[in-house]
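Beneath this line is the structure, given in structure tokens, with notes to follow.
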Amino acid sequence: MSNRAQFATKLGVIAATVGSAVGLGNIWRFPYMAGENGGGAFLIIYICCVLVLGIPLMCAEFAIGRKAQTNAGRALKVLAPKSAWHIIGYIGILASTLILGYYMVISGWVVEYIYQAIKGELFAESAAEITNNFNTFKTDVFRPLVWVGALLVINYLIISRGVTKGIEKASNIMMPLLFLILLVFCGYSLTLPGALEGLNYLFNPDFSKIDGSVILAAMGQAFFSLSIGLGILITYGSYFKRNVNLPKTGLTVSLLDVLVAILAGIMIFPITASFGISPTQGPDLIFVTLPNVFKQMFMADMWAILFFVFAGVAALTSTISLFEVAIAYISEEFKLSRKKASFTIMLIVAVLSILSSLSFSVLSEIKLFDMNFFDLFDYFSANILLPVGGFLLSIYVGWVMKKKDFKAELGETSTLLYRLILFSIRFIAPVAIVFIFLSITGIFKF
Ligand code: PFF
């Protein structure tokens, strides 16, 4: 028995890992992508990507973490000593920290909107004013940073308590809350006059819209949404007890993540259709389009509060997991207490968040590779580090790691399932990742 921290229960494992997977990506990216790219047809392709690529790669990360029983940075030093494979862990630590640099800022915007909704200030007279309010807030120097500060404190309070008492306990409370809000909202949406039209937009299969670039987009979304390639699943895997079955956990987490993405669409599109507003994606969907629609609804304030609390909880459980990668690393490598380690990483993320928040105001003219800090952190982490990390991960587990070790980590699994998982990690994942990388960086257009 190791004396490392562990998630106490299997439910805690699922709550924390689903907490990481379910984030803003499920709310503002997936539903719109599905709606615009063939509805039901996109959904089928997305689910195939999750099954064929997502679950095997999740198993690969979990297996590394649990076998090595250490943080993402050291894991491959333990499993493959005297080699350079530990670069996978370093890429994960860098990527997850950079992602926090902009994800915390957007999470802060969500908290501002909870605050405004509670105060009843969210709903300006006209649509133009709502857009204007968002832009004024975003370009303010101090106000967005106040919320980043508040979120840093909340993350600190949870993470510094440790894996079981902090991360697991918070996830056990927040994830049921998240599902509850989502279900209440969906129930309401489905009673609206535009329900059918909304569902049609999301589900009606249109195979003519499917081409190579749509398939690559679906794969990219699966990686992003399942938090693959960032060292998160290596870190969380190192907290799994030996009785946790990895493929089953991967399947459960993925299905719940897909379910939330679909339910988010069922929540959003009937509302936009009913009030005659066309859906958008990205920050504008939740900070401009939805306030415009909520405004017209019966008990507008209540729905707005519920929605932004939902988005805030989804974001918070994701930021906790992004933080944990670097915190586990520096606390174990530099023998720092959890509190000190958490504080150090929070300071680094505070600096990154200041840079990206100010990209909308005083630093807007400062550009690197033609991007402001906010866009740079996003581009460099999601488009470069994530695919490179994912590629190396699949090569290591598929071709270098001892097969018997990998099989032993998977737990009780049929030989057929083991072979399928290994086949995907060895052949399908590396090829798919190379194509995604070429496509998103624009090196090659499909
Ligand atoms: N999986 C979460 C989401 O979809 O929002 C968290 C996350 C993972 C955010 C990876 C960003 C990212 F690049």
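The values are calculated or read from the model by the stated rules, or taken from the named source; none is laboratory data. Computed from a predicted model, the values in this text were never measured in an experiment. Quick reminder, even Gly has a Cβ in these numbers, built from the backbone with ideal geometry, and neighbours come from all protein chains shown.
If you go through the stretch 183-229 and pick out every residue that is within 16 Å of the ligand (Cβ to nearest atom), closer than 18 Å to residue 265 by Cβ and in a loop (DSSP other than H, G, I, E, B), you end up with 1.
Among 330, 320, 345, which is surrounded by fewer than 21 Cβ atoms within 10 Å (Cβ to Cβ) and either within 16 Å of the ligand (Cβ to nearest atom) or at pLDDT 95 or above (or both)?
On the way: 320 fails: surrounded by fewer than 21 Cβ atoms within 10 Å (Cβ to Cβ); 345 fails: surrounded by fewer than 21 Cβ atoms within 10 Å (Cβ to Cβ).
When all the criteria are applied, what remains is 330.
The set of residues from the stretch 19-35 being assigned to a helix (DSSP H, G or I), of a type outside the set (Gly, Ala, Ser) and near the ligand (Cβ under 10 Å from one of its atoms) comprises 24, 26, 27, 28, 29, 30.
Please work out if residue 313 is within 14 Å of the ligand (Cβ to nearest atom) and of a type outside the set (Phe, Trp, Tyr). When the stated conditions are applied, residue 313 passes them.
Can you work out which of the residues in the stretch 29-47 that are hydrophobic (A, V, I, L, M, F, W, C) and buried (at least 24 other Cβ atoms within 10 Å of the Cβ) is nearest to the chain's Cα centre (by Cα)? Write out each step before concluding.
Initial filter on the stretch 29-47 (hydrophobic (A, V, I, L, M, F, W, C)): 30, 33-34, 41-45, 47.
Narrowing further to those that are buried (at least 24 other Cβ atoms within 10 Å of the Cβ): 30, 34, 42.
Working: 30: 11, 34: 17, 42: 20 Å.
This residue is 30.
Considering the conditions (1) out of contact with any Gly (no Cβ under 8 Å at 6 or more places or on another chain); (2) in a loop (DSSP other than H, G, I, E, B); (3) within 11 Å of the ligand (Cβ to nearest atom), residue 260 is excluded by exactly one of them, (2). Hey, any hits in the stretch 85-104 for a residue that's of a type in the set (Phe, Trp, Tyr), farther than 20 Å from residue 283 by Cβ, at pLDDT 95 or above and part of a loop (DSSP other than H, G, I, E, B)? Within the stretch 85-104, one or more residues are of a type in the set (Phe, Trp, Tyr), farther than 20 Å from residue 283 by Cβ, at pLDDT 95 or above and part of a loop (DSSP other than H, G, I, E, B).
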